[in-house]
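Undergrad: Right, I'll just put the structure down here and ask away after.
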Amino acid sequence: MENEGGCVCGAVRFGATGEALRVTICHCNWCQRRTGSAFGIEVVYREDQVSVSGDTVSTYRHVSDESGRWLDVAFCGRCGSNLGFTLEAAPGIRTLPAGAFDDPSQFSPERQEFRHVYIRSRRDWSDLSDNVAVYEQHFRD
Ligand SMILES: [Zn+2]
Ligand SMILES: [Zn+2]
């Protein structure tokens, strides 16, 4: 079974096969800035589960001032939509943004493991749901 999605302009499409490893809702300042929202929501897969097609895919390498490690963000060079990322801290992992799937309702704490991370920088107007585990920073720390 393949779950499909894509950017808002339609130039880039992606697919993910099999079950997601987890869903991470990240409240760090960097995710707030990159999304322009209160948090980022990334569905985490192994790289070999994910395929991306379209000739407008661009990437930006961000290096964390805190950890010094890189994170390669994919986005549509035409419309700017987030298309997930790969990260040095978790080799072999590829995320896809939950809201960019054609059917985001398939992601639910009843079906996948959900985690709120970096809640130390959570906005106080961005409430946490009771049914998701919460971490001050990352769960790997
Ligand atoms: Zn696009
Ligand atoms: Zn983050």
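No lab work stands behind these numbers, since they all come straight from the coordinates. Keep in mind it's a predicted model, so treat the numbers as computed, not measured. For neighbour counting, all protein chains shown are included, and Cβ atoms are generated from backbone atoms with ideal geometry for every residue, glycine included.
Undergrad: Please turn the phi angles of region 89-95 into ³J(HN,Hα) values with the Karplus equation 6.51 cos²θ - 1.76 cosθ + 1.60 (θ = phi - 60°), one per residue in order, whole Hz, x for glycine and proline.
TA: 5, 9, x, x, 9, 9, 9
Undergrad: Specify which residue in the list Pro104, Cys9, Cys79 is farthest towards the positive end of the charge dipole of the chain, using unit charges on the beta carbon of Lys, Arg (+1) and Asp, Glu (-1), about the Cα centre.
TA: Value computed over the given set: Cys79.
Undergrad: Calculate, for Asp55 and Gln106, the FRET efficiency according to 1/(1 + (r/R0)^6) with r their C-beta to C-beta distance and R0 25 Å; round to the nearest 0.05. Intermediate results must be reported in sequence, preceding the final value.
TA: On the way: r = 28 Å, r/R0 = 1.10.
Approximately 0.35, to the nearest 0.05.
Undergrad: Over the Cα atoms of region 39-141, what Rg and Dmax result, in angstrom?
TA: For region 39-141, the Cα-based Rg and Dmax read 14.6, 41 Å.
Undergrad: With n ≥ 4 as the cut-off for DSSP H runs, can you work out [θ] at 222 nm for the chain, using -39500 (n - 2.57) per run divided by the number of residues, rounded to the nearest 500?
TA: Details: 1 runs with 7 residues, N = 141.
It comes out at -1000 deg cm²/dmol, rounded to the nearest 500.
Undergrad: Would you mind pulling out the separation of the Cα centroids of region 1-53 and region 78-95, in Å?
TA: If you average the Cα positions of each part, the centres end up 7 Å apart.
Undergrad: Answer with one residue from Ala133, Ile25, Ser121: the one whose Cα lies farthest towards the positive end of the charge dipole of region 2-134, charges on Cβ with Lys, Arg +1 and Asp, Glu -1.
TA: Positive-end residue among those listed: Ser121.
Undergrad: Using only the Cα atoms of region 1-69, build the gyration tensor, take square roots of its eigenvalues as a ≥ b ≥ c, and label the shape rounded, prolate or oblate: rounded if a/c is under 1.5, else prolate if a/b is larger than b/c, else oblate. Spell out each step's value before the answer.
TA: Details: a/c = 1.76, a/b = 1.43, b/c = 1.23.
It comes out prolate by the Cα gyration axes.
Undergrad: Using label points projected 7 Å from each Cα along Cα→Cβ, tell me how many nm separate Gln137 and Glu2, to one decimal.
TA: 4.0
Undergrad: Given +1 on the Cβ of Lys and Arg, -1 on the Cβ of Asp and Glu, and no further charges, what dipole in debye does the chain carry about its Cα centre, rounded to the nearest 20? Each step should come with its number before you reach the end.
TA: Numbers: 15 positive and 20 negative charges, 77 e Å.
Magnitude of the dipole: close to 380 debye.
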